[in-house]
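Student: If you scroll down you'll find the structure; I have some questions about it.
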Amino acid sequence: MKTSSFHIVPLPTEIADSARRVVNAGAADHALITVDSPGSSPCRHCLRWAQPGERVILFPYAAIPSGHPYSETGPIFVHANECQRYSATDEYPGAFRNGRVFRAYDSRYNIIDAEVLNASELEAVIERLFQNPDTAFVDARSVTHGCFTFRVERA
Ligand SMILES: [Zn+2]
């Protein structure tokens, strides 16, 4: 379903490319992994689940920058090989209709609301979070692992 009220912000390509350089340099906090089960490793750049046999990089990402009470750095995956950044930014990514929690933040990076959604009501609840004028952005995270998946901003 297309939406006019918000857009999806996948991980910037510079960050995915940087992780690919850093893992090749052997950094201890960047792990190169060959995926062995589907539905285990979501790529934050193309917003697809990596398929068995594909290689991914696991590394820490500061979704909420340091210097704030809600600062948060956590593990994310990107494909080890170049992939195309998710471009259908006016559509909720179909790969993540289940298993996400949505956290609304204000412009000072404070969490002001949070919702666990059913697949059928995703768009409506994201729109409701943005009806609060204090909501600056909404982050989608894994409901089980807590990991940052993608950001949602006002259109
Ligand atoms: Zn990817």
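Student: Could you tell me which residue of segment 41-55 is farthest from the ligand (Cβ to nearest atom), considering only residues that are at negative phi, part of a loop (DSSP other than H, G, I, E, B) and open to solvent by 50 Å² or more (accessible area, probe 1.4 Å)?
Tutor: Residue satisfying both the conditions and the ranking: PRO52.
Student: When you look at VAL78, is it hydrophobic (A, V, I, L, M, F, W, C), in contact with a helix residue (DSSP H, G or I) (Cβ under 6 Å, 6 or more places away or on another chain) and in contact (Cβ under 8 Å) with a residue 24 or more places away in the chain, yes or no?
Tutor: yes
Student: Are there strands (runs of 3 or more DSSP E) fully within segment 67-155 with at least 1 residues that are more than 30 Å from ASN24 (Cα to Cα)? List them.
Tutor: 100-105, 111-116, 137-142, 148-154
Student: Which residues, taken from segment 61-89, are within 19 Å of THR13 (Cα to Cα), open to solvent by 60 Å² or more (accessible area, probe 1.4 Å) and either touching a strand residue (DSSP E or B) at 6+ places or on another chain (Cβ under 8 Å) or more than 16 Å from the ligand (Cβ to nearest atom) (or both)?
Tutor: Once the filter is applied, which keeps residues that are within 19 Å of THR13 (Cα to Cα), open to solvent by 60 Å² or more (accessible area, probe 1.4 Å) and either touching a strand residue (DSSP E or B) at 6+ places or on another chain (Cβ under 8 Å) or more than 16 Å from the ligand (Cβ to nearest atom) (or both), segment 61-89 yields THR73, PRO75, ASN81.
Student: Shifting gears a bit: Report, ordered by the first and then the second residue, all pairs with beta carbons closer than 7 Å, sequence separation of six or more or different chains, a first member in segment 37-50 that is over 17 Å from THR144 (Cα atoms), and a second member that is within 9 Å of the ligand (Cβ to nearest atom) and open to solvent by 50 Å² or more (accessible area, probe 1.4 Å).
Tutor: Close Cβ pairs (under 7 Å, with a partner that is within 9 Å of the ligand (Cβ to nearest atom) and open to solvent by 50 Å² or more (accessible area, probe 1.4 Å)) amount to HIS45/ARG85; CYS46/GLN84; CYS46/ARG85.
Student: Which members of segment 99-121 meet the condition of being touching a residue at least 24 places away in the same chain (Cβ under 8 Å), surrounded by 13 or more Cβ atoms within 10 Å (Cβ to Cβ) and either more than 15 Å from the chain's Cα centre (by Cα) or within 16 Å of the ligand (Cβ to nearest atom) (or both)?
Tutor: ASP106, TYR109, ASN110, ILE111
Student: All but one of (1) hydrophobic (A, V, I, L, M, F, W, C); (2) open to solvent by 20 Å² or more (accessible area, probe 1.4 Å); (3) within 16 Å of the ligand (Cβ to nearest atom); (4) closer than 22 Å to GLU121 by Cβ hold for PHE96, so report the exception by its number.
Tutor: That leaves (2) as the condition not met.
Student: Moving on. Can you list residue pairs whose Cβ atoms sit under 6 Å apart, with the first residue in segment 135-155 being under 13 Å from TYR92 (Cβ atoms) and the second being among the hydroxyl-bearing types (Ser, Thr, Tyr)? Count only pairs 6 or more apart in sequence or on different chains.
Tutor: Matching pairs, first to second residue: ALA140/THR149; ALA155/SER4; ALA155/SER5.
Student: Since ALA155 meets every condition but one in (1) in contact with a His (Cβ under 6 Å, 6 or more places away or on another chain); (2) surrounded by fewer than 16 Cβ atoms within 10 Å (Cβ to Cβ); (3) under 18 Å from LEU11 (Cβ atoms), which condition does it not meet?
Tutor: Status for ALA155: all satisfied but (3).
Student: Among the residues of segment 137-152, how many are touching a Lys or Arg at 6+ places or on another chain (Cβ under 8 Å) and open to solvent by less than 60 Å² (accessible area, probe 1.4 Å)?
Tutor: Residues flagged as touching a Lys or Arg at 6+ places or on another chain (Cβ under 8 Å) and open to solvent by less than 60 Å² (accessible area, probe 1.4 Å) within segment 137-152 amount to 10.
Student: Looking for something open to solvent by 50 Å² or more (accessible area, probe 1.4 Å), outside any loop (DSSP other than H, G, I, E, B), among the charged types (D, E, K, R) and at pLDDT below 95 - is there at least one such residue anywhere in segment 20-38?
Tutor: No, segment 20-38 contains no residue that is open to solvent by 50 Å² or more (accessible area, probe 1.4 Å), outside any loop (DSSP other than H, G, I, E, B), among the charged types (D, E, K, R) and at pLDDT below 95.
The values are calculated or read from the model by the stated rules, or taken from the named source; none is laboratory data. These numbers were taken from a predicted model, which means no experiment stands behind them. Methodologically, a virtual Cβ is constructed for each residue, glycine included, from the backbone with ideal geometry; neighbour enumeration extends over all protein chains shown. Only protein heavy atoms, including side chains, enter the accessible area calculation; ligands, DNA and RNA are left aside. Shrake-Rupley method; radii C 1.70, N 1.55, O 1.52, S 1.80 Å.
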